[in-house]
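Participant: Could you have a look at this structure, given as structure tokens, before my questions?
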Amino acid sequence: MEVPGTNEDIARFDLAMSVALGEVPAEEMNRQHEAGELKYTSEACSALVRWAWTRTADQVVFARGAEDAVYAAALKLGASYVEDPPLVQASNIRLKLARISVAMAARVFSTDDSYERLIVKPEHVEDAVAFLQRLYEMKGFGYAERSREYLNDREEAAHNYDDVKQYLVGRKGLSKFLRSTGRFQPKDLESFMSLSREEANGVVNTLWNARMVRKERGEVVVEPMLHAILREVKL
């Protein structure tokens, strides 16, 4: 978050990756490598880039099955990744995936006999998905791992729904306090609820163990499952 600054900036990224220290061993970097056969010249690569850049909207065509592949993959990706950070959002991942698929098709010069139209096929969508998942599964990046942890927490929170609801019913004023703020500090509970430090920490600890809140930048953040409970508990 320190690099882009805000969630709004991150949400604009079609994709992202990181390079972590130690991912490539020093021994691998500091040795002689044999040069491979040059299959594509710099001039050909430059021409391909210019061709891709000069395609107009009506020259980008999704072949039969490609659009359906985008929508199907978007559903799976949206359900597999969390929006913190908002690299994958269920509401717009289909657009990002479509753009990456177009880029994949352009890179392999997928065209017709006129060499004017850029043809996006289902296999380009599959490659786009595989590329995204390869980046986000990287251990140094940790987005996929973070998402799995968050999704597991949400399942656990759903399992604790009734217990937390009963917990709030037994503490008059707590649900009203939580409804009034999306994030708070334990000392706020002390001030507004007249609780001791131990009692305030106990409330936070109970909600955290039930996966109803998370810690972020020194504050306690109310999770969506707790918001749902608060809509039912009016005490």
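Participant: GNM on the chain, C-alpha springs below 10 Å: top fluctuator among Arg99, Arg55, Arg148?
Facilitator: Between Arg99, Arg55, Arg148, it is Arg55 that shows the largest mean-square fluctuation.
Participant: Let me ask something else about it. Excluding Phe177 itself, what net charge comes from residues whose Cβ is under 14 Å from its Cβ, given Lys and Arg +1 and Asp and Glu -1?
Facilitator: Combined, the nearby Lys, Arg, Asp and Glu give +4.
Participant: Below 8 Å between Cα atoms, with a sequence gap of 6+, how large is the relative contact order for the chain in percent?
Facilitator: 18
Participant: Equivalent ellipsoid semi-axes for segment 160-230, as square roots of 5 times the alpha carbon gyration tensor eigenvalues: give them largest first, rounded to whole Å.
Facilitator: 16, 14, 11
Participant: Collect residues whose amide H, placed 1.01 Å from N in the peptide plane, falls under 5 Å from the amide H of Phe62; neighbours closer than 5 in sequence don't count.
Facilitator: It is Val120, by chain and number.
Participant: Okay, moving on. Cross-link candidates for Lys176: which lysines have Cα within less than 29 Å, leaving aside residues fewer than 8 places away along the same chain?
Facilitator: Partners within reach: Lys165, Lys187, Lys215, Lys234.
Participant: Can you tell me which lysines have their Cα less than 17 Å from the Cα of Lys121? Leave out same-chain residues fewer than eight positions away.
Facilitator: Of all the lysines, those that pass the test against Lys121 - Cα under 17 Å, at least 8 places apart if same chain - are Lys96.
Participant: Once phi is turned into ³J(HN,Hα) by the Karplus curve 6.51 cos²θ - 1.76 cosθ + 1.60 with θ = phi - 60°, what whole-Hz value does each residue of segment 86-100 show in order, with x for glycine and proline?
Facilitator: Result, rounded to whole Hz: x, 6, 10, 10, 4, 6, 9, 5, 4, 6, 5, 5, 5, 5, 5.
Participant: Given just the C-alpha atoms of segment 1-109, how large is their convex hull per residue in cubic angstrom?
Facilitator: 182
Participant: Something else: Restrict the search to segment 101-166; then list the GluC sites (Glu not before Pro) that DSSP places in a loop and that have at most 16 other Cβ atoms within 10 Å of their Cβ.
Facilitator: Glu116, Glu137
Participant: Looking only at Asn209, Asn92, Asn30, which one moves most when the chain is put into a Gaussian network model with springs between Cα atoms under 10 Å?
Facilitator: Asn30
Participant: Under 5 Å between amide H atoms, partner at least 5 residues away or on a different chain: which partners does Thr111 have, H built in plane at 1.01 Å?
Facilitator: Here Ile119 satisfy the definition.
Participant: Would you mind estimating how fast segment 86-131 diffuses translationally, via Stokes-Einstein at 10 °C and 1.306 mPa s with the Kirkwood radius over Cα pairs, in µm²/s?
Facilitator: Result for D is 143 µm²/s.
Participant: Dipole of the chain (Lys/Arg Cβ +1, Asp/Glu Cβ -1, origin at the Cα centre): which of Val164, Phe141, Pro25 lies farthest to the positive side?
Facilitator: The residue sitting farthest along the positive end of the dipole is Val164.
Participant: Tell me which label goes with the value of P(r) over Cα pairs in 10 Å bins from 0, in percent computed from the coordinates here: (1) 7, 29, 36, 22, 5, 0; (2) 8, 28, 24, 17, 16, 7, 1; (3) 6, 22, 23, 21, 13, 9, 5, 1.
Facilitator: So the structure-derived entry is (3).
Only the coordinates and a few stated rules stand behind these numbers; no lab work does. Please read all numbers here as calculations on a predicted model, not as lab measurements. Please note: Cβ atoms are built from the backbone with ideal geometry, for glycine as well, and neighbour counts cover all protein chains shown.
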